[in-house]
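Undergrad: Dropping a structure here in structure tokens format, bear with me for questions.
The values are calculated or read from the model by the stated rules, or taken from the named source; none is laboratory data. Remember, it's a predicted structure, so these values are computed and weren't measured experimentally. Glycine gets a Cβ as well: all are built from the backbone with ideal geometry, and neighbour counts include every protein chain shown. Each accessible area value is taken on the protein alone, full model and side chains, heavy atoms only, with ligands, DNA and RNA left out. Shrake-Rupley method; radii C 1.70, N 1.55, O 1.52, S 1.80 Å.
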Amino acid sequence: MIINKKYYSTLLFAIIIGSGLVFYYVFNPESNRFLLKCPFKFTTGFDCPGCGSQRALHALLHGEFRQAFSYNPLFIIAIPYVFIGILFEWFGLKYSFPKIRKALFGKTAIYIIAGVIMLFFIFRNF
């Protein structure tokens with residue numbers, strides 16, 4: 001039986017993501033010193049756009065949605081967008097729905113996302 005490369009890469013991707021989710025389910029970033037802290041926050045004292053993502057993921061995996069949102073709302077909002085991007089790239093939806101893909105992940109969308117991230121960065125530090 002011959003199995004194509006795409007199967008192996010999808011399986012490897014699933015194993016890596018699954019392992020990461022198990023890791024963040026088990027280990028709480030607030031109480032474990034071995035997890036990396038944000039170097040930007042350490043250096044400047046300001047929250048970067050990703051600050052709180054580890055804690056948010058841990059809370060989300062434990063069903064604490066409000067707590068997860070309070071740690072990093074942009075991270076929580078971005079999860080469905082990233083999931084849709086994975087569907088388009090890994091499961092061939094980019095060929096079935098090219099216009100939707102371009103609208104969601106094209107040049108204009110990238111500029112909008114970059115702007116949202118910058119505004120989030122600025123307003124979360126007020």
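Undergrad: Report the calculated FRET efficiency for THR108 and SER70 (r = Cβ-Cβ distance, R0 = 30 Å), to the nearest 0.05.
TA: Numbers: r = 31 Å, r/R0 = 1.03.
After rounding to 0.05, the efficiency reads 0.45.
Undergrad: Let me ask something additional. With the full set of protein chains in place, find how many percent of the accessible area of the chain is carbon and sulfur; take the probe as 1.4 Å.
TA: Details: 6940 of 9600 Å².
It is 72 percent, rounded to a whole number.
Undergrad: For the pair LYS41 and ILE15, what calculated FRET efficiency results from E = 1/(1 + (r/R0)^6), where r is the Cβ-Cβ distance and R0 = 25 Å, to the nearest 0.05?
TA: Numbers: r = 31 Å, r/R0 = 1.23.
The formula returns an efficiency of 0.20 here.
Undergrad: What percent does the relative contact order of region 45-126 come to when contacts are Cα pairs within less than 8 Å and at least six residues apart?
TA: 33
Undergrad: Per-residue ellipticity at 222 nm for the chain, helices alone: DSSP H runs ≥ 4 residues times -39500 (n - 2.57), over residue total, nearest 500 deg cm²/dmol? Kindly include the intermediate steps, with their values, before the conclusion.
TA: Working: 8 runs with 91 residues, N = 126.
After summing the helix terms and dividing by residue count, I get -22000 deg cm²/dmol.
Undergrad: Another question, if that's okay. When the scattering of region 45-124 is computed by the Debye formula from its Cα atoms alone, each counted once and equally, what is log10 I(q)/I(0) at q = 0.12, 0.16, 0.20, 0.22 Å⁻¹?
TA: One equal scatterer on each Cα of region 45-124 leads to -0.43, -0.71, -0.94, -1.01.
Undergrad: Which lysines, if any, have their Cα less than 21 Å from the Cα of LYS5, not counting same-chain residues under 8 positions apart?
TA: Cα-Cα hits under 21 Å: LYS94.
Undergrad: I would also like to ask the following. Which helices count as membrane-span-like in the chain under these terms: full DSSP H, at least 20 Å along the axis by C-alpha, Kyte-Doolittle mean of 0.0 or more? Before the final figure, lay out the partial values.
TA: Values: long enough: 5-26 (31 Å, 1.12); 73-90 (26 Å, 1.96); 107-123 (24 Å, 2.24).
Those that clear 20 Å and a mean of 0.0 are 5-26, 73-90, 107-123.
Undergrad: A further question on this structure: Considering only protein heavy atoms, what per residue accessible area in square angstrom results for the chain with a 1.4 angstrom probe? Could you put the intermediate results ahead of the total?
TA: Working: 9600 Å² over 126 residues.
Heavy-atom accessible area per residue stands at 76 Å².
Undergrad: What is the distance in Å between the Cα centroid of region 17-31 and that of region 43-121?
TA: 19
Undergrad: Based on the Cβ-Cβ distance from ARG124 to ILE100, what FRET efficiency comes out when R0 is 25 Å, to the nearest 0.05? Mind dumping the intermediate values first?
TA: Details: r = 30 Å, r/R0 = 1.21.
In this case the efficiency is close to 0.25.
Undergrad: So the label point goes 7 Å from the Cα of PHE23 along Cα→C-beta, right? Which residues of region 41-80 then have their backbone N under 12 Å from it?
TA: Under cut-off, by backbone N: nothing.
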